[in-house]
Structure formats: C-alpha cells, structure tokens
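Asks: Got a structure here, written out as structure tokens. Questions coming.
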Amino acid sequence: MAFRASGMSARSFKLFTHLPSMQAPPLLSRQISMDVKSFASRLSSSGLLRSQGLIGGKWSDAYDGKTIQVHNPATGEVITTVPCMGQKETNDAISSAYGAFNSWSKLTAAERSKCLRKWYDLLISHKEELGQLITLEQGKPLKEAIGELYAEEAKRVYGDIIPPTLSDRRLFVLKQPVGVVGAVTPWNFPLAMITRKVGPALACGCTVVIKPSELTPLTALAAAELSLQAGIPPGVVNVVMGNASAIGDALLASSQVRKITFTGSTAVGKKLMAGAAATVKKVSLELGGNAPCIVFDDADLDVAVKGTLAAKFRNTGQTCVCANRILVQEGIYDKFRDAFAKAVQNMQVGNGFSEGVAQGPLINEAAVQKVESFIQDAISKGAKVVLGAKRHSLGMTFYEPTVLSDVKNDMLIAREEVFGPVAPLLRFKTEDEAIRIANDTNAGLASYIFTNNVQRSWRVSEALEYGLVGVNEGLISTEVAPFGGVKQSGLGREGSKYGMDEYLEVKYVCLGNMSSN
C-alpha cells in the first residue's frame, strides 16, 4: 500500500512490499504487518517517519534520484526507500556543518545544554515510537529496542591553570571543540550509537555529519527530526546515507572534518584510520570483539548461567560485546553445560513486537550464512551440537539459539566473531590456562568473569587484555562508564567524562608581561 506521512516531501513510499524469495509464515507475516500499520499511523502524525537525508536543516533526496530499500528482517518486506547518497551530498553536509560550527561553538555550554535537554526530552517522550522503529528495521525485541534510549548529563569542561616558571607569566590550558565530526554508526544499535557519539560532540560545541548504516537509517532520521524540533540550529546535525564508500571517502578527504568517530568492524576501522592520516584527523574507533566469558569452578552456577545468557544472546548475539567464547573450568563444565542449555532452550524466538520474545531475527541472509559456516567448521573439527545449530521453523533470517560443546581454541568460531546466537563452550583446567586462551586474540573489547573468589576476580581482571571486564555480570554497558577496547578493538573511549575528551582539543596559552608594574 502507498503511504504518505504528514510533514514529509511529496515523494511517497511503499510499505509492506513483499520479496517473493523471502516469505515469512503467513500468521507471522500478518501479525507483523498489523503491528507495522498501527505503528506507521502513529509515526505519521508525529512526523518521525522520514525517508530523506538531512543537509543544512533541509530534508533532501539523492541528487541523482537513486534510492535504496530498507527491509524488515523478520519478514523480508520493504519498509520504505531512502536516498542513496554519495560524495556530492556528503560534501554539502560537511559544508553545512562547517558553516554552523562557528555559531554553535560560540554558544555557552549552558545555551547548548538547553537544546540538548529539549532533544533528550523529545527522545524520551517518543521512546515507544522509536523503539518500535528500531524493532521494525533491525529486528530486536521491543523491550531491548526501547532500552537503547538513554542519556548522560553533559559534563562541564574544565581547563587548568599551571604555576608559572617566571613571575611575569601566567600559564593556562583551555579545552575547545575539535570542529566538524563525521559519525559513522552501525546497524545493531541504530539509536544508542548515535546518541553516544552526537550527544557529547554537540555538548562540546562540535557539529556533526552522521552516516547511519544503510540497513537501519530510519531511526537516525527520526532522531534528526527530533533534534530540529528541539531547536538545534540547521547544519549542526546532518544525516547522509547510501553509498558507504563514497560517503566515507568524502568525510576522510575533507579538511573541514576534524574527527571521525566509528563503531563497526575492525576491517573498516583500519581503512578509516589509514584514510584519516592524510589530513591528520582525530579518530575514535570502537571495533570488533572476541569476548571471552570465563566460568570458574567456584562460580555460583545460577549467577553464571544467567549472566552468560545475557552476555551471549542479547540482540540475537549481534553485539560487539557479546560473549563469543565461553570458557568453563573442567570441574563445573558438565553442570554448566546442562543448566545453560536448559536456559537457552527456554528462550522464545519470534518477531520483536510479540510479548515475551527474547530473540528476534538476524539482520539479513548473509548473517545467517556466516553463522552456518562457523558452525559447520566447528562440527567438522570435533565440536558437538548440544542445542540448535539450524534455521528456525519461522523461516526468514530466524536461527535457533545454539549451544556447542567440546569447542577448541583453533576453531573459526573461537578465532572470529560469529555475530549470531551461537554459544561455543570451551573447557580449561587452570586459571593461567583460561587467561592465556582469553588473551590469545587480536581483539580486546569486552570480557566476563564468573567467580566467588574476590582475590581471583581482581587478579584475572587485571590480567585480561580488554577494555571492559564484567565480574559476575553479563550486562555491563552504561553511559556513565567509559566504553572502548584495546589492541585491535579500537582507540579512544565513549561515555563518561573520558568520552567528552574525544571531542576536544587542548590549547596552551602563555600570557606574558604580567608584572605588577
């Protein structure tokens, strides 16, 4: 059916366009379609259903008229089409951000905070609609989607006064906004990754060009619409999407862009880091992980099962901090395997709009094929299937929650992120062996420990080569703590006071001729 949202351009778009080769079961498809129709009606009245990019405060199509489709991963239906933008549109967005930077950065922190507070209030007041939009285009359960909405108080930025070396001088350190920021965000957290980057950037006085994933652009556009409603001036927030390589090249080539912040794969992060060298941009990179989850013999079994379940299966296993390797000490291995498999078996799989659903679909067919290839590699090398290891009866990109035992550290599933609902169990004997296996990777983002031994918890936390460590807890991300990795999992931190520094430059001022005469 054709649908035109109020407040949008004259260009209409189609909802619920079926892909012949990707059909969901009829009951599931009808249920989701009913949910989507009700949801679309509410979004149209609020003006949040946007299908254009935002450049200089104006909604814009691609200059050449090209579009890309946005799909619902639970049904394969086309939700809408959005512009397939490239270099020209990105350059205009950069120019708009650069033009807005002078006035935005000159505002006091209090003045900027008023706009940000209004934006936050609008995001919270529309949390149900935004959560439904995330579920629609990304597939995660609605409760998880609504959980993406969080905010952090914009911290004051402090400088320093340095004791002078000579009596007629005064030495100061100022912190000033870096300038225009290119923010490249992933599909697995289409709202949280934007607010985590854009919030502190704007608070510091920077302006931004956001490049959301082409798989999930609608949430970014809705957030941008609310930024305009909040009174954030035109050009401060811009959104372009489409041709990822062309947009990325434009952001890297521009001397007006002074920082790139990126969340995504390590491979892409390395390319951005190399490209940023030409103009010596600041970079913040939150890249891939290979998180170990270590369960020691002395762990509380119930706590370990619950925590590992949360660390592994959140967002269908599609997060960079998901437990990718579950290391279980031999004394508790069999008990943990059986209890964990029972808990996994009780997880409800379905579309994210249904009550009680704990796992939605994978993002697309390529993601399913990757999971299948990792599992086949593990089985061919001796791993055993405890549970799952096949596509779900719901069809589409739904995959059964899977548990594998007897996994070895040289298997592909232990070397690379599976990014899916697969829990590989590895056996270890000693604490030193667990630490060695856990650190035997180029990644260093998140890690997890389950133990009742306080001394061991500190000893192992310090020995793990990771930016994040959860002790007896599977959900560790919070906006008030620094988030980021070591080794090839990235550079810099997001969240907390440490995240603010990523958007600031340090300036030293030496004030001479300050004698009392």
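Asks: Send over the per residue convex hull volume for the range 48-286, Cα only, as a whole number of Å³.
Replies: Taking the convex hull of the Cα positions in the range 48-286, it is 133 Å³ per residue.
Asks: In straight Cα distance, which aspartates and glutamates are under 13 Å from K143, not counting same-chain residues fewer than 8 positions off?
Replies: Hits, sequence-local ones excluded: E128, E129, E355.
Asks: Would you give the gap between the C-alpha center of the range 404-442 and the C-alpha center of the range 263-307, rounded to a whole Å?
Replies: Using only Cα atoms, the two centres lie 15 Å from each other.
Asks: Roughly how many whole Å is it from the C-alpha centroid of the range 312-386 to that of the range 145-218?
Replies: 35
Asks: Now for a different question. Filter K197/K259; K127/K390; K197/K370 down to the pairs with a C-alpha to C-alpha distance above 23 Å, please.
Replies: K127/K390; K197/K370
Asks: Here's another thing I want to ask about it. Principal axes first, then extents: for the Cα atoms of the chain, list largest minus smallest coordinate on each axis, whole Å, largest first.
Replies: If we take the Cα atoms of the chain, the spans are 80, 65, 38 Å.
Asks: If you don't mind, there's one more thing I want to ask. Can you report the principal axis dimensions of the range 172-237 using only the alpha carbons, biggest first, rounded to whole angstrom?
Replies: Over the range 172-237, Cα extents along the principal axes are 46, 24, 15 Å.
Asks: Tell me which aspartates and glutamates have Cα within less than 19 Å of K88's Cα, excluding those fewer than 8 residues away on the same chain?
Replies: D61, D64, E214, D249
Asks: Beyond 23 Å, what share of the Cα-Cα pairs of the range 291-488 remains, rounded to the nearest whole percent?
Replies: Roughly 38 percent, once rounded to a whole number.
Asks: To continue, here is another question. Using Cα pairs under 8 angstrom and six or more residues apart, how large is the relative contact order of the chain, in percent?
Replies: 17
Asks: Further question: Cross-link list K282/K497; K271/K487; K118/K281: which exceed 25 angstrom alpha carbon to alpha carbon?
Replies: In this structure, K118/K281 lie more than 25 Å apart at Cα.
Asks: Using DSSP to define loop residues, name the trypsin sites (Lys or Arg not before Pro) in the range 413-442 whose beta-carbon has at most 16 other beta-carbon atoms within 10 Å.
Replies: K429
Any read-out appearing in this document is the output of simple, stated calculations on the displayed coordinates, not a laboratory observation. Every value quoted in this text rests on a predicted model; they were computed, and no experiment measured them. For neighbour counting, all protein chains shown are included, and Cβ atoms are generated from backbone atoms with ideal geometry for every residue, glycine included.
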